[in-house]
Each structure stands twice: as C-alpha cells, then as structure tokens.
Amino acid sequence: MKGRLLISAAVVSLGMAGMAWSQGNSATAEIEKYREMLGDGNPAELFEMDGEALWATARGPKNASLQKCDLGLGAGVVKGAYAQMPRYFADSDKVEDLESRLMTCMVKLQGFDRAELSKKPFGTANYKSDMEALVAYVVGQSRGMPMAVPTAHPKEKAAFELGKQIFFYRAGPYDFSCATCHAMTDARIRMQDLPDLTSPAGSQRAYTSWPAYRVSQSLFRSFQWRLNDCFRQQRFPEPTYASESTIALTSYLATMANGATYQGPGIKR
Amino acid sequence: MKAKLMMGGVLALASTCLFAAGSESVVAARLKTDFHTKGIAKVERLDQDPVQILCSTPDLDSVPQAQQFALEKQQRAEIKYPADGKYLGDWKKGEILAQDGRGNTWSDTPETPIGGNCYNCHRISPQEISFGTIGPSLYQYGKKKGYTEARQKEAYGRIYNSKAFNLCAPMPRFGHVGALTEAQIKDLVALLLDPESPVNK
C-alpha cells in the first residue's frame, strides 16, 4: 500500500513535469494523463512480486537462492543497491550493471551457465523472463532513493568515458548515434518526446523512470532491453546482452542522472 | 627527453581521441567485439566513414571548421543529380514515402520497403499532426522559398546527402547510401516544391 502511494506520487510529479514541459502539445499531455491514471496501479508491481519470490527461491544446479548475492552494498542487501549501479565489483574485477551482476550471482551462487542465461533475457507475449522479474524486484527496492552511482574507481571512470564515446558514435546506414535523437531539448520523434540525455535534467528524468512496464507491449522491460531497442532503431547491429559496451553506456547515462530520486519501475506507453 | 615529451604528446592525443595504435579507435574496436550481426543489420555497419568519424566528436565546436568544410565539399562532389535534369516527381507518392518510417532495422527483411522517415523529424503536410521536431518545419517550403529550378536542385541535393551542406546534421544521407532511389527523391522534392502539394496550400 505504501509502495503504491509512493508510485502514484512519483507518477503524478512526473506527469506534471511532463505537462509543463509540453505546453501547447495536447497529444503529449494526453499521454501524460493516461500515464498518471495508470500509475495508481503500475502492473510492474506484479513483476516485482514475481522477482521477490524468485530471489528467495532455491534454484539452479547448486539449488541455492540469490539471498547471498552482493549487488554492491554487501551480500544480500537489495535496498538501495540499484541506485548505486553500475559499479566496480572486486570479485569479478569489472564494472557491472544490474543485469550483468545478477548473472554473475546466478552463475556463482546457483551454478547457472552465463551464456545460457544471456540467450533469452527479454520477455515476449509467450515467454516470461526470470531476469526481468528479478530486475523489477531489485529496482523497486531503490524507489525513492537518490541516484548515487560511484565514479571513484579507475574502471568506473573508464566505463563512463567509454560510454560517452559510444553515446556519440555515429555509424550505420543513417549515420545515427544516441546523440542524434537525445542531445537536444524538447525534441520529438513523431509524437514521442525525446529526453536530452546530455543534460542533467533530461537524463535524470529519463533514467530514473526505467526499467518500466510497457503498456503497449503488456511487458516489463529492463534497461538492457531499452538500450537494445534503441540500437535496433538506430539501425545498428545487435548489442550482445550485458556486454562491456552496454554496461559502459549505462554507466554514462546513470552517472549523468546522479542526484535525482530514483522513481522506477516506471510506466511507459 | 625530447623523445619522451613527444611520446607524452602522442599519448595525450591518443587518450583524447581514444585512438589505438592502428587506424581504428578504441571505441570502434570495443563496439565490434560487443555487437553482432542480426538479420540485415550486419556488424560491418559499425565501420565509420570519415564523416561519421568526425561527427562522432562529442564537442563539435572543437573540430576545425576548415576540416568540416573540406569534407562537405567532398560529399557535394559525390552527389549524383538526375541525368535528365528534372527534379520534380509525384508529390502524392512523396507523401506516402514521407510517412513511411520502416526499413533497415534488424527486424526488417531485405524486402521491407525503405521509407523516407521524413515525418519522424519534420512537419510537412498540414494534415499530418504526428510529426517530429528534430528537423525544421517544411510546411510551406515552396511558398516560402520559391519554386525555381535552383531550389529544386538544392532540395534534391539535401535529401540525397544532407551532410554535403551541413556536415554533422542529424539527417541521413538517403541517396548517398542508396536507401532511396532517384525517382523516390524526386517524389519527395515534389512534395516540398510542387505548387499543388498540400505543403504549399
């Protein structure tokens, strides 16, 4: 109940920001209103509950739960962990985003095979993704927390820099980079608002509303999915799930959002 | 000492441009490792031409203008204008093409018709209210700019290769990369510059 109230408060404030932002644009305002309406009961909560149960269930060849998984704040600490990711992990000696880290834990604690886990990370109408449920649970435990992605470790700095280079990397048949669509204020593609991810305000608003429940797909979508579908529309080849490039890009975007309150899981059209 | 300084200079340069010892940048090499071919979207799409390399600089103001102009000139030289000297096609076909935003993604097939993607970024005909704002409004393009042949040729060139006129523009190079045919580009020119097109009503 408390969680619900928090969500609707977050969505209302998002909605209002959106409306002020798109003054004179009734279609956008309508979408915001719709989002506000739905926010009262974000279906993402169902995925959060699934994920919470999965987290505590003994699974895999080692028949173990994820309750000893270290997401950066110590073994088993889920509260607030997502708001401080991606981050450097000493045991894997690399920067990991949530999805990479969950796989690391599923390999180490439960004995799953990483390549196997990477094969079908995204849900479809006929396929429920364990990964997306776990993501929903973990990110929900950072709702209301300030984004505080660490940047002190040299590998965190390197990830941020690489992510920035990827953000501006133009290639493919249409010369698109992330920046082609996401480096100007108040722009739209067709009717869809495009956040300016090079500005703190734009990236804070966008990053803190992902992962999210996608109404048009009736599915919960992780951040890796968000990047994957952006690259599809960018006419790029496909990024390998939880690869160094996708983690670096996430590091760049998450760090840009530092200081903002994490509002997810969000709800999208 | 001098050698050391020189090396330091090279290293500093390397770290700012993120270029490795070879000609390929560190970021390009990383992307080629981390991305794979899916359907029609081959991993070779990550290879950059000189325009893409230059326009990937996060701070474009730091790129010498002379360098940008030189590349623009080279791009202009590569534009293939219609051999028959005619630029105006059928604005009705142009409108349909402008609406179509499909093609060239990994979920498309080689048979998926490639759209003009125009409304993604531009306001064009007034009837279509679902338009993007990344590019300028093209509503009343002909009425405002005039219907001269020089204008038609300019519009053709800009659709064929926008980078030939504004090197790091967001707009794709539709003719240059073979996404649109000569006839299709003529239809789009007509959408903008035929006095009968809804754009100019």
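Of note:
- So A:Arg221, is it surrounded by 23 or more Cβ atoms within 10 Å (Cβ to Cβ) and among the basic types (Lys, Arg): yes
- When A:Thr151, A:Thr208 are screened for being closer than 30 Å to B:Phe131 by Cβ and touching a residue at least 24 places away in the same chain (Cβ under 8 Å), only A:Thr208 passes.
- Scanning region B:158-180 for residues being of a type in the set (D, E, K, R) and under 18 Å from B:Gly132 (Cβ atoms) gives a total of 1.
- Meets criteria (within 11 Å of another protein chain (Cβ to nearest Cβ) and assigned to a loop (DSSP other than H, G, I, E, B)) for B:Asn104: yes
- Top-ranked residue of region B:99-142 - restricted to ones that are charged (D, E, K, R) and more than 20 Å from B:Thr181 (Cα to Cα), ranked as nearest to the chain's Cα centre (by Cα): B:Arg123
- Residue in region B:120-143 that is in a helix (DSSP H, G or I) and within 12 Å of chain A (Cβ to nearest Cβ) present: yes
- The lone criterion from (1) of a type in the set (A, V, I, L, M, F, W, C); (2) within 12 Å of chain A (Cβ to nearest Cβ); (3) buried (at least 20 other Cβ atoms within 10 Å of the Cβ) left unmet by B:Val177 is number (3).
- Among residues of region A:156-179 being of a type in the set (A, V, I, L, M) and crowded, with 20+ Cβ neighbours inside 10 Å, the one that is farthest from the other protein chains (Cβ to nearest Cβ) is A:Ala159.
- Filtered residue count, region B:61-89, keeping only those that are in a helix (DSSP H, G or I) and loosely packed, with under 15 Cβ neighbours inside 10 Å: 11
- When B:Pro172 is tested against (1) touching a residue at least 12 places away in the same chain (Cβ under 8 Å); (2) surrounded by fewer than 23 Cβ atoms within 10 Å (Cβ to Cβ); (3) at negative phi, only condition (2) is not met.
- Residue within region B:54-73 that is in contact (Cβ under 8 Å) with a residue 60 or more places away in the chain and more than 18 Å from the chain's Cα centre (by Cα) present: no
- Scan of region A:180-191 for residues that are facing another protein chain (nearest Cβ under 8 Å) and surrounded by fewer than 22 Cβ atoms within 10 Å (Cβ to Cβ), ordered by number: A:Met184, A:Asp186, A:Ala187, A:Arg188, A:Ile189, A:Arg190, A:Met191
- Which numbered condition B:Thr109 misses (of (1) surrounded by 14 or more Cβ atoms within 10 Å (Cβ to Cβ); (2) in a loop (DSSP other than H, G, I, E, B); (3) touching a residue at least 60 places away in the same chain (Cβ under 8 Å); (4) among the polar types (S, T, N, Q)): (1)
- The helices (runs of 4 or more DSSP H) falling completely within region A:69-169 that include 3 or more residues that are more than 17 Å from A:Gln224 (Cβ to Cβ) map to A:154-167.
- In the set (1) at pLDDT 95 or above; (2) within 30 Å of B:Thr105 (Cβ to Cβ); (3) more than 8 Å from every other protein chain (Cβ to nearest Cβ), B:Ala70 fails one condition alone, (2).
The values are calculated or read from the model by the stated rules, or taken from the named source; none is laboratory data. All values reported here derive from a predicted model rather than from experimental measurement. When we count neighbours, we look across all protein chains shown, and the Cβ atoms used for this are built from the backbone with ideal geometry, even at glycine.
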